[in-house]
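What follows draws every value from the coordinates through simple rules; no lab data is involved. Fair warning: this is a prediction, and the values are worked out from it, not measured in the lab. All Cβ positions, even for glycine, are placed from backbone atoms using ideal geometry, and neighbour counts span all protein chains on display.
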Amino acid sequence: MTQSSAEKVATVVVGVAAAGAVYYVLKTPRLRRAAWRLSLAALTGTIPAWVSQEIKASWEASGQPPAVRNA
């Protein structure tokens, strides 16, 4: 078996395993609720925090001082 064909077989096996796991989670109500809660937590907490950190890092990397608003 060549390296290329081994990688293709491994990709198919991992894909089938992932699809089976997704099917099992979606089929089981308790796991489906847990997955829903985790995805909501990621969307409302982790992703906005990451975006905020990236904006701050980009601003600092640009060398520009932060914009000051006149109130």
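Computed values, structure above
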quantity: Long-range neighbours under 9 Å by Cβ, at least six apart or interchain, first residue more than 16 Å from Ser39 (Cα to Cα) within the stretch 8-28, second of a type in the set (A, V, I, L, M) and assigned to a helix (DSSP H, G or I); calculated: Tyr24/Leu31
quantity: Yes/no for Val25 being touching a Leu at 6+ places or on another chain (Cβ under 9 Å) and either loosely packed, with under 10 Cβ neighbours inside 10 Å or part of a helix (DSSP H, G or I) (or both); calculated: yes
quantity: Residue list for the stretch 50-67, filter: part of a helix (DSSP H, G or I), surrounded by fewer than 10 Cβ atoms within 10 Å (Cβ to Cβ) and either among the aliphatic types (A, V, I, L, M) or in contact (Cβ under 8 Å) with a residue 24 or more places away in the chain (or both); calculated: Ala61
